[in-house]
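Shown next, in structure tokens, is the structure this report addresses.
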Amino acid sequence: MDKIVIEGGVELSGEVTISGAKNAALPIMAATLLAPGVHYLHHVPRLADIRTFRKVLGLMGVQFEEAGLDGPLVVDTSRLTGWMAPYEVVKTMRAAVLVLGPLVARARQATVSLPGGCAIGARPIDQHLKGLEALGVKITLNQGYVEAKARRLHGAEITLDVPTVTGTENLMMAATLAEGTTIIHNAALEPEVADLARFLTALGAKIEGIGTETITIHGVNALRPTAYHIMSDRIEAGTYLAAAAITGGRVTINNAPVAQMSAVLEKFHEAGVRFSATDHTIRVEPGDALTGVDVKTLPYPGFPTDMQAQFMALMTLAQGASVITETIFENRFMHVPELNRLGADISVSGNHAVVRGRRHLLGAPVMATDLRASASLVIAGLAAKNTTEIHRVYHLDRGYAHLVEKLTALGARIRRVPA
């Protein structure tokens, strides 16, 4: 098992290019099941979660080919030989549940393991199942598996109790091949949901209300394979923004989805980070001292929970205090004890974390607990004096492509070594 070693205190400098969004790529890969044939997916990030999802789809007969390092991921869904996502895979990556909707739509059956809990809190799929039942799917829970069968799918009007991202995606995919019209109320607004909708439209689906709370899908008889360019990762862009800001660096972030980062950019501006932004570029400049600001995580277009830990790392060196409120997941402050090991002053009460800024952080051995917690420790380590060792960094492989290489190119003294 590897660890990351950082010699902190270096101002980052240079340019970094943002990869494709994992949270858009995964549902789009699942959606290829809807259209038999060969798809060409451009801008798919090279991540552990992508490799795992390829294994999931491979169990169903999907074949893959990579057209070089910068070429598209070629996905051949011509032959469907299975419709099961086993526990052994789903337990390592909850996104595997995204095959449920497209499998039921194409094969009229699916067997998918219940995802269970998560290190950052439970994420149930009851809304997925309620919506599928409205579309005519018979759902049976059997020994930890969801067994879904349908003779045919029919349009329905579905109101989600909460705006679940994967729930919206699963139902939208299933509805594309249903007879009649489906309306999803209280749909998730996340940009990755809209990217999936645009991909489905490229397949030939008829979808209205993309990017709104009410999505209307007019079912069609069949979909066709296509080529598609996946959106850039707004969380990766925000992570490099935090890394540049905490080191007082001068960094240009290219290929950033700036329009989808408004809430994040607003908080960085309030904190005194000096930057300018165009449609796809963020330029960070050295500025004055950081100022503590309060943050509350919310569904899009609010401040994303996936940026909470990284922003908290930034606030550890801000003047004054900041209050960070987590409203999405009940157990997403596990990085706090590790940041405190680096000299941060953070106290937690319920879903609130009070961060009192310090003059400096001091390197120490720390342990990552999840993907975004890992990123927060890297950000803090870049600014900390002396050496920081981050253990259990396999979490980073799930969401950041070539992180060490990209930071090294910006001048960071960082390396990955066997633990």
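The values are calculated or read from the model by the stated rules, or taken from the named source; none is laboratory data. This structure is a prediction, so every number in the text was calculated from the model and none was measured. Note: ideal-geometry Cβ built from the backbone for every residue, glycine included; neighbour counts use all protein chains shown.
What number of residues in the range 313-327 are part of a loop (DSSP other than H, G, I, E, B) and either surrounded by 24 or more Cβ atoms within 10 Å (Cβ to Cβ) or not hydroxyl-bearing (Ser, Thr, Tyr) (or both)?
5
Got at least one residue in the range 107-121 being on the phi > 0 side of the Ramachandran plot and surrounded by fewer than 16 Cβ atoms within 10 Å (Cβ to Cβ)?
Yes: the range 107-121 contains one or more residues that are on the phi > 0 side of the Ramachandran plot and surrounded by fewer than 16 Cβ atoms within 10 Å (Cβ to Cβ).
Could you please give the count of residues in the range 1-55 that are assigned to a helix (DSSP H, G or I), touching a residue at least 60 places away in the same chain (Cβ under 8 Å) and β-branched (Val, Ile, Thr)?
Final tally of qualifying residues: 2.
Please count how many residues of the range 278-312 are crowded, with 21+ Cβ neighbours inside 10 Å and in a strand (DSSP E or B).
5
How about the range 261-277: which of its residues are assigned to a loop (DSSP other than H, G, I, E, B) and among the small types (Gly, Ala, Ser)?
Passing the criteria: ALA271, GLY272.
Can you spot a residue in the range 383-402 that is among the aromatic types (Phe, Trp, Tyr) and closer than 24 Å to ALA263 by Cα?
Yes - at least one qualifying residue is present in the range 383-402.
With in the same structural domain as ALA194 (by TED's automatic domain parsing) and either modelled with pLDDT of 95 or more or touching a Lys or Arg at 6+ places or on another chain (Cβ under 9 Å) (or both) as the only criterion, which of ILE28, ILE6 stands out?
Just one listed residue meets the conditions, ILE28.
Return the residues of the range 79-137 that are of a type in the set (Ser, Thr, Tyr), over 26 Å from ILE183 (Cα atoms) and at pLDDT 95 or above; say none if nothing qualifies.
Selection gives THR81 alone.
Would you confirm whether or not the range 328-343 contains a residue that is of a type outside the set (A, V, I, L, M), in contact with a strand residue (DSSP E or B) (Cβ under 8 Å, 6 or more places away or on another chain) and in a strand (DSSP E or B)?
No, the range 328-343 contains no residue that is of a type outside the set (A, V, I, L, M), in contact with a strand residue (DSSP E or B) (Cβ under 8 Å, 6 or more places away or on another chain) and in a strand (DSSP E or B).
What's the total number of residues in the range 366-419 that are β-branched (Val, Ile, Thr) and either in a strand (DSSP E or B) or touching a Pro at 6+ places or on another chain (Cβ under 6 Å) (or both)?
Number satisfying all stated conditions: 6.
Taking the residues in the range 344-365 that are among the hydrophobic types (A, V, I, L, M, F, W, C) and assigned to a strand (DSSP E or B) as candidates, determine which candidate is farthest from the chain's Cα centre (by Cα).
LEU362
Check whether at least one residue in the range 63-77 is closer than 21 Å to GLU147 by Cβ and at pLDDT 95 or above, and report yes or no.
no
Within the range 190-206, how many residues turn out to be under 14 Å from the mean Cα position of the chain (by Cα) and part of a loop (DSSP other than H, G, I, E, B)?
1
Looking at PHE303, PHE329, can you tell me which residue is among the aromatic types (Phe, Trp, Tyr), under 26 Å from GLN260 (Cβ atoms), in contact with a helix residue (DSSP H, G or I) (Cβ under 9 Å, 6 or more places away or on another chain) and modelled with pLDDT under 95?
PHE329
Give all pairs with beta carbons closer than 8 Å in which a residue from the range 390-403 that is surrounded by fewer than 18 Cβ atoms within 10 Å (Cβ to Cβ) meets a residue that is part of a loop (DSSP other than H, G, I, E, B) and basic (Lys, Arg); count only pairs at least 6 apart in sequence or on separate chains.
HIS402/ARG46
Based on what the data block shows, is GLU338 charged (D, E, K, R) and within 30 Å of MET231 (Cβ to Cβ)?
Spelling it out, it is not the case that GLU338 is charged (D, E, K, R) and within 30 Å of MET231 (Cβ to Cβ).
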